[in-house]
Amino acid sequence: MESNYDLFGIMPENSQKIDVVKMDFLEASTTTWQELFRGYNKLYAITYSSGIGFVNELLKLFDYSEIIFGFDGVMSYDVKEVVAYQQATIERIIESSSKSKTDLITLIDKNKLRMYISRAKLSHEKLYLLEADDGRKRVITGSANMSYPAFSGVQRENIIYLDNPKAFDWYYDCFISLKEKSTDDITSK
C-alpha cells in the first residue's frame with residue numbers, strides 16, 4: 001500500500017516553505033581551519049553540536065563571540081556548565097573546571113562571549129559569521145559542526161565560505177531571528 005506521507009510523517013502538499021540561498025561556484029581550495037577563520041574580530045555562530053576544546057581554540061581568534069547551540073541535548077556537560085554560568089545564578093564552577101571551561105568562563109566574565117540555546121525550534125544549522133573592524137565580512141556554512149573532527153580533516157565535511165557583505169547581512173538577520181527565539185538559561189524549556 002502506497003503512503004501519502006514522507007519520512008517525517010508529513011504530507012508533501014502540507015510542507016512549509018524553506019529558505020534557499022542561491023550561490024555561485026568560484027573555485028575550491030585547501031586550507032586549515034585557522035586560516036579560514038583568522039583575521040576577523042567578531043564571530044556569530046550557530047552550531048548543532050560542538051567540542052569544548054575546539055570552541056575554546058576557535059574563540060581565541062576573536063575579540064567578541066556569540067554562539068547559538070541548536071539543541072541542548074547534544075551539548076557536553078562542560079558546555080552546559082559554562083552556559084549555566086552566564087545566568088549568574090550558580091556559584092563559580094572552578095573546582096571541577098578544565099582549562100577550556102575556565103577559559104570560556106573568563107571570556108564571559110570579560111563580556112567577550114555570549115552563549116545561547118535554541119528553544120523555540122530545533123536548529124541543525126552550521127553557520128559562522130565573521131566580521132572584521134575594517135569592514136570585511138565572511139560567511140562560513142555547510143555541514144561542519146563546531147568541533148575538531150569537523151574542521152581538522154579527519155571526517156568529510158561540506159564547507160563553503162563567502163566573502164560577501166550581502167550574504168553576511170542576510171545570514172546575520174537569520175542569526176538574530178534565531179537568537180530572539182533562544183535562551184541563555186539552560187533550565188528554560
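Taking Y116 as the residue in question, decide whether it is in contact with a helix residue (DSSP H, G or I) (Cβ under 9 Å, 6 or more places away or on another chain), at pLDDT below 90 and among the aromatic types (F, W, Y). It is true that Y116 is in contact with a helix residue (DSSP H, G or I) (Cβ under 9 Å, 6 or more places away or on another chain), at pLDDT below 90 and among the aromatic types (F, W, Y). All of (1) under 25 Å from L178 (Cβ atoms); (2) buried (at least 17 other Cβ atoms within 10 Å of the Cβ); (3) modelled with pLDDT of 60 or more hold for M75 with one exception: (3). When L61 is tested against the conditions (1) open to solvent by 40 Å² or more (accessible area, probe 1.4 Å); (2) modelled with pLDDT under 95; (3) not polar (S, T, N, Q), the lone failure is (2). Filtered by the rule that a residue be surrounded by 11 or more Cβ atoms within 10 Å (Cβ to Cβ) and in a helix (DSSP H, G or I), the stretch 29-44 gives W33, Q34, L36, F37. Whenever a residue of the stretch 160-172 is at negative phi, its partners that are in a strand (DSSP E or B) and small (G, A, S), lying with C-beta atoms within less than 7 angstrom and at least six residues away or across chains, give the pairs I160/G142. Taking every residue in the stretch 56-78 that is over 21 Å from R138 (Cβ atoms) and of a type in the set (A, V, I, L, M) and pairing it with any residue that is modelled with pLDDT under 95 and open to solvent by less than 20 Å² (accessible area, probe 1.4 Å), at least 6 positions away or on another chain, the pairs with Cβ-Cβ distances below 6 Å are M75/F69. Restricting attention to the stretch 3-54, the residues that are at pLDDT below 90 and of a type in the set (A, V, I, L, M) add up to 5.
The values are calculated or read from the model by the stated rules, or taken from the named source; none is laboratory data. Everything numeric in this text was worked out from a predicted model, so none of it was measured. So basically every Cβ, Gly included, is an ideal-geometry build from the backbone, and we count neighbours across all protein chains shown. Keep in mind that these areas ignore ligands, DNA and RNA; they rest on the heavy atoms of the full protein, side chains included. Shrake-Rupley method; radii C 1.70, N 1.55, O 1.52, S 1.80 Å.
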